[in-house]
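Shown next, in C-alpha cells, is the structure this report addresses.
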Amino acid sequence: MSASLDSPLVLAALALVAFLYSAVGHGGASGYIAVLALAGVDGPGLRPLVLVLNLLVALLTTVQFARAGHFRADVVLPLALVSVPAAFVGGSVALPMVWLQRLLAVVLLVASWRLATSPKVPRALDRCREALPGPAEIVWSGGVLGLLAGLTGTGGGIFLTPWMILRHWLQPRQAAAVSAAFIVVNSAAGLLGLQLMQRSAALPALPLLVPLAATVIGAAGLGSQCGSRWFPPQAIRRLLALVLLVASVKLLGLAQPPR
C-alpha cells in the first residue's frame, strides 16, 4: 500500500535523507528514490521529481560549504567541463539499468567499507594540493562520473566524493564542497536531457513539489551547516559510509515499492 507524499512519515523520511546527505555534500537523490519508491511513486515522473529535489538541496549545500571556506574552483571547473555534457547524454538515454545498478552498488559497498574501517584521517590541508592529480585525470573522472550521474538519475556525488577522499585528492569537507557543486551542474544537465529526449517525463506539479521541496531544503540547511562547520572530518567519513550504504541498498533493488 502506497503512502501519501505529504504524509508525516514520508516527509520525515525525506528530511532525514536530506540532512544526512547534505552533511557530506550530497543532494540525496539515491535516498529520495528509495523513500519515494517505498511510498509507491514510480514511472516516468520519479526521475524528474528526484532531480529537482536533488538540485535544490545541492545548491543550498554548495552555498553553505563555500561560505565556510571549503570550495575548490580549481577542481570543480575541470570536473564540470566534461561531466555536464556527459550527464546530459546519460539523462537522455533510457536503458535497462539492472546490471549497471548492481555493479555500482558493489562499488559503493566497497567504498563504504573502506571509509568506515580506515582509521587514517586524510592528510592536512597544506598537503592536499600536492595530492591533486593532473588535469587529464580530473577531466576523465568528470566525464565518467557525469555519465553515471545522468544514467542513474542522480547528481553523481555518491561516486565522486569517495573517489576523491580514498584517492586523497582533498579533505572530507573540501570533497563535500566540490561534490555539491558537481551535483548541481550534473542534476541540471541530467534534468534537461531527460526533458528534451524523454518528453513523457514531465516536471512535477507545484502542489506536489512545494511541500517536498520545503521539507528537504529545511533539513539540508541544518545538515549542510553541521557538515561544513561542526562535524569533524572523521565523522564526515563515517557519515559518508552510511550514505553510500543507503545508496547501494537502493541500487541493489532492496528498496522497491510493494507490488
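The values are calculated or read from the model by the stated rules, or taken from the named source; none is laboratory data. All values derive from a computational prediction rather than experimental measurement. SASA here: full protein model, heavy atoms, side chains in, ligands and nucleic acids out. Shrake-Rupley method; radii C 1.70, N 1.55, O 1.52, S 1.80 Å.
Observations, loosely collected:
- For the stretch 17-116, the per residue solvent-accessible surface stands at 39 Å², with DNA, RNA and ligands left out and a 1.4 Å probe.
- Applying 0.36 nm per residue to the separation of Leu166 and Leu208 and subtracting their alpha-carbon distance, the gain on full extension is 11.3 nm.
- Volume per residue of the C-alpha convex hull in the stretch 138-229, rounded to whole Å³: 95 Å³
- The phi torsions of the stretch 57-62, fed into the Karplus equation with coefficients 6.51, -1.76 and 1.60 and a -60° offset, translate into couplings of 5, 5, 5, 4, 5, 4 Hz, rounded to whole numbers, with Gly and Pro shown as x.
- The gain in end-to-end length when the Arg102 to Leu81 segment is fully stretched comes to 4.8 nm, 0.36 nm per residue minus the alpha carbon separation.
- As an equivalent ellipsoid, the stretch 140-179 spans semi-axes of 18, 10, 7 angstrom, where each value is the square root of five times an eigenvalue of the C-alpha gyration tensor, largest first.
- Within the accessible area of the stretch 163-224 (1.4 Å probe), percent carbon and sulfur: 72 percent
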